[in-house]
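Some notes on the structure that comes next.
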Number of protein chains: 2
Amino acid sequence: MDGLMELAQPDMAGVDALIRDRMQSPVAVIPALAEHLIGGSAKRLRPLLTIAAARLSGAQDDSCLKLAAAVEFIHTATLLHDDVVDSSELRRGKVAAHLIWGAPASVLVGDFLFARAFELMVEAGSMQALEILARASRVIAEGEVLQLTRAHDLNLHQDMYLEIIKAKTAELFAAAAEAGAVSAGASPEQCLALRKYGQDLGVAFQLVDDSLDYSGVSKDLGKNPGDDFREGKATLPLLLAIARTGAAEKAFWDRAVARLEQADGDFERARDLITGVGALDATLDLAADYAGKAKGELAEFPAGNSWRPALEDLADFAVSRLR
Amino acid sequence: MDGLMELAQPDMAGVDALIRDRMQSPVAVIPALAEHLIGGSAKRLRPLLTIAAARLSGAQDDSCLKLAAAVEFIHTATLLHDDVVDSSELRRGKVAAHLIWGAPASVLVGDFLFARAFELMVEAGSMQALEILARASRVIAEGEVLQLTRAHDLNLHQDMYLEIIKAKTAELFAAAAEAGAVSAGASPEQCLALRKYGQDLGVAFQLVDDSLDYSGVSKDLGKNPGDDFREGKATLPLLLAIARTGAAEKAFWDRAVARLEQADGDFERARDLITGVGALDATLDLAADYAGKAKGELAEFPAGNSWRPALEDLADFAVSRLR
């Protein structure tokens with residue numbers, strides 16, 4: 001995705017400056033905690049989508065920069081709250097904020113960033129972009145609650161799993177791209193194409209992320225591999241492995257995932273089962289399908305627009321993180 | 001405040017219907033948790049302010065109803081997060097939601113309600129009202145974090161205490177009234193007057209609330225008296241008592257409040273000291289000053305407008321809850 005990074009570099013420098021400016025507050029804990037998360041190894045993938053969608057749609061002014069910063073603030077707020085909800089230990093390669101400043105500060109600084117996001121959207125001045133991102137914020141929360149209530153359900157159907165990740169992850173990708181297109185005055189067809197591109201990319205991205213939990217190493221992940229397994233989180237690689245190993249391993253999955261009674265070596269055994277029955281490959285095949293669909297949506301734009309191949313490369317990159 | 005209630009009744013029925021409609025979600029935990037809090041003994045004081053400010057300013061249409069519902073959602077979201085942050089046990093006369101559904105669900109349903117608030121504001125269609133309420137949401141979060149970091153500071157100056165309650169409580173009262181005025185197309189002077197009315201009323205309200213923690217009974221409060229003391233929260237009655245009792249009681253305050261090493265009878269001793277040195281009366285005198293200032297702001301509006309005496313009565317009511 002070097003091409004995209006190079007194209008977007010001047011805009012992304014502006015987004016970074018905005019982020020750093022708007023995370024300030026006279027209440028010192030707020031910028032300290034925000035800096036810990038935002039100053040880390042953030043990929044800034046979602047604001048990049050807003051910028052790329054706006055420029056691909058012919059945006060001439062810089063109102064997309066404010067929307068991009070707002071998108072990153074929404075994302076960071078959800079990360080802060082997620083880490084409290086999941087009691088995660090690592091985030092973006094650093095100790096999770098709630099372990100340093102406490103869960104209360106993490107919850108409240110998340111609220112601060114969420115509110116700041118809406119202040120930035122008001123500045124950007126597009127009521128339609130506000131509508132898209134307000135709706136996305138609500139859908140994300142619904143997806144998170146849905147995941148919370150179905151987290152340990154070993155019989156979770158693949159369709160329900162996809163519904164959850166569409167809400168909790170892909171919706172912000174979709175809204176980030178759509179809001180960029182809307183702010184640039186793109187046609188309804190182009191706005192919809194970029195929304196679908198973002199959604200499919202987001203699903204692919206989450207599927208790869210869920211796979212990496214069983215095959216990655218801490219250094220690359222910015223979090224501990226096996227976190228999902230230790231939390232008993234019903235992600236697709238696990239769900240497929242449970243279905244495919246059937247009665248033979250039922251006792252193991254019931255104990256280690258459903259009841260969360262885990263012993264040394266359980267994660268390695270789960271990983272070997274997941275790889276052995278092809279559950280990891282099946283998850284990555286599905287991710288590749290979504291990435292392919294995402295690329296197809298870009299046909300709505302002229303091939304000569306240099307942002308189009310750059311966004312095609314981003315879809316390829318999303319699924320190349322693993323194999 | 002019977003007059004205000006009667007005047008606002010038709011509008012408030014509409015606000016209630018909107019609230020009940022927009023707290024729905026296909027994710028069943030969300031309406032269940034929201035109903036627990038919203039269906040309780042909610043006073044709906046903040047949305048009432050939005051309605052009254054809009055009607056006093058001559059609002060002819062019903063866009064203020066959506067803003068009023070948004071204000072109540074912002075308030076409910078902050079309550080859910082506050083109760084997690086403070087580990088409170090009671091809220092609005094019921095067991096706090098996080099003790100039933102868990103802290104993770106409370107955090108995420110708070111996020112849902114916050115996002116829903118912004119969806120309602122988008123529907124209301126006033127960018128200026130959006131700006132006011134987005135800013136207020138950010139200021140509230142800053143106030144909450146500030147309180148968190150200064151919570152056990154027995155040397156907290158009265159000015160800093162007032163700064164904290166202006167941010168965490170009075171800002172939403174101010175924004176609720178201002179947004180109502182703005183949506184009705186009031187003049188800048190009238191918008192500012194209603195903003196100040198809301199802010200002063202909010203300060204008075206919080207001062208009375210902080211006093212009630214030392215003099216009320218559970219039934220009236222909807223929460224346990226002594227909660228602030230047991231959390232070591234530096235509210236004005238306590239701060240004044242600490243300053244006024246001086247060296248004689250320093251060891252007691254240090255142990256019971258600063259170090260939170262409390263024994264049976266400590267709350268009763270604190271309450272007697274607070275009453276004995278006049279700290280409770282001083283807090284209520286200050287509340288009465290703010291309520292008086294709030295009433296003065298209404299001079300910007302014609303005395304013949306029936307909403308004006310109704311809002312004057314509301315200011316009186318705010319400080320009459322105790323004596």
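The values are calculated or read from the model by the stated rules, or taken from the named source; none is laboratory data. What you see is a predicted model, and the numbers here were worked out from it, not measured in a lab. For neighbour counting, all protein chains shown are included, and Cβ atoms are generated from backbone atoms with ideal geometry for every residue, glycine included. Surface areas here come from the heavy atoms of the whole protein model, side chains and all, with no ligands, DNA or RNA. Shrake-Rupley method; radii C 1.70, N 1.55, O 1.52, S 1.80 Å.
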Just for region B:121-145: of the residues that are at the interface with chain A (Cβ under 8 Å from one of its Cβ atoms) and open to solvent by 30 Å² or more (accessible area, probe 1.4 Å), which one is farthest from B:ALA175 (Cα to Cα)? B:GLY125
Just the residues that are away from chain A (no Cβ under 14 Å), farther than 17 Å from B:ASP83 by Cβ and among the aliphatic types (A, V, I, L, M), please, taken from region B:4-47. B:LEU4, B:MET5, B:LEU7, B:ALA8, B:MET12, B:ALA13, B:VAL15, B:ALA17, B:LEU18, B:ILE19, B:LEU45
Which of (1) outside any helix (DSSP H, G or I); (2) more than 9 Å from chain A (Cβ to nearest Cβ); (3) more than 19 Å from the chain's Cα centre (by Cα); (4) not charged (D, E, K, R) is the odd one out, the single condition B:ILE100 does not satisfy? (1)
Please find, among B:PHE173, B:PHE118, the residue that is within 8 Å of chain A (Cβ to nearest Cβ) and either open to solvent by less than 20 Å² (accessible area, probe 1.4 Å) or out of contact with any helix residue (DSSP H, G or I) (no Cβ under 8 Å at 6 or more places or on another chain) (or both). B:PHE118
Hits in region A:75-109 - residues which are open to solvent by 20 Å² or more (accessible area, probe 1.4 Å), of a type in the set (S, T, N, Q) and more than 23 Å from A:VAL27 (Cα to Cα): A:SER87
Evaluate the following for B:ILE164: is it open to solvent by less than 40 Å² (accessible area, probe 1.4 Å) and either farther than 28 Å from A:SER88 by Cα or in contact with a strand residue (DSSP E or B) (Cβ under 6 Å, 6 or more places away or on another chain) (or both)? yes
Would you confirm whether or not region A:19-40 contains a residue that is open to solvent by 30 Å² or more (accessible area, probe 1.4 Å) and more than 30 Å from B:ARG150 (Cβ to Cβ)? no
The correct count of residues that are open to solvent by less than 10 Å² (accessible area, probe 1.4 Å) and without any contact (Cβ under 8 Å) to a residue 24 or more places away in the chain in region B:278-323 is 0
Within region B:5-63, which residues are basic (Lys, Arg) and part of a helix (DSSP H, G or I)? B:ARG20, B:ARG22, B:ARG46, B:ARG55
All conditions in (1) within 7 Å of another protein chain (Cβ to nearest Cβ); (2) surrounded by 21 or more Cβ atoms within 10 Å (Cβ to Cβ); (3) among the acidic types (Asp, Glu) are true of A:GLU72 except (1)
Answer yes or no: is there a residue in region A:75-85 that is at pLDDT below 85, over 30 Å from A:SER306 (Cβ atoms) and out of contact with any Ser or Thr (no Cβ under 9 Å at 6 or more places or on another chain). yes
For A:ASP62, work out the one condition from (1) modelled with pLDDT under 95; (2) open to solvent by 10 Å² or more (accessible area, probe 1.4 Å); (3) within 14 Å of chain B (Cβ to nearest Cβ); (4) out of contact with any strand residue (DSSP E or B) (no Cβ under 8 Å at 6 or more places or on another chain) it doesn't fulfil. (3)
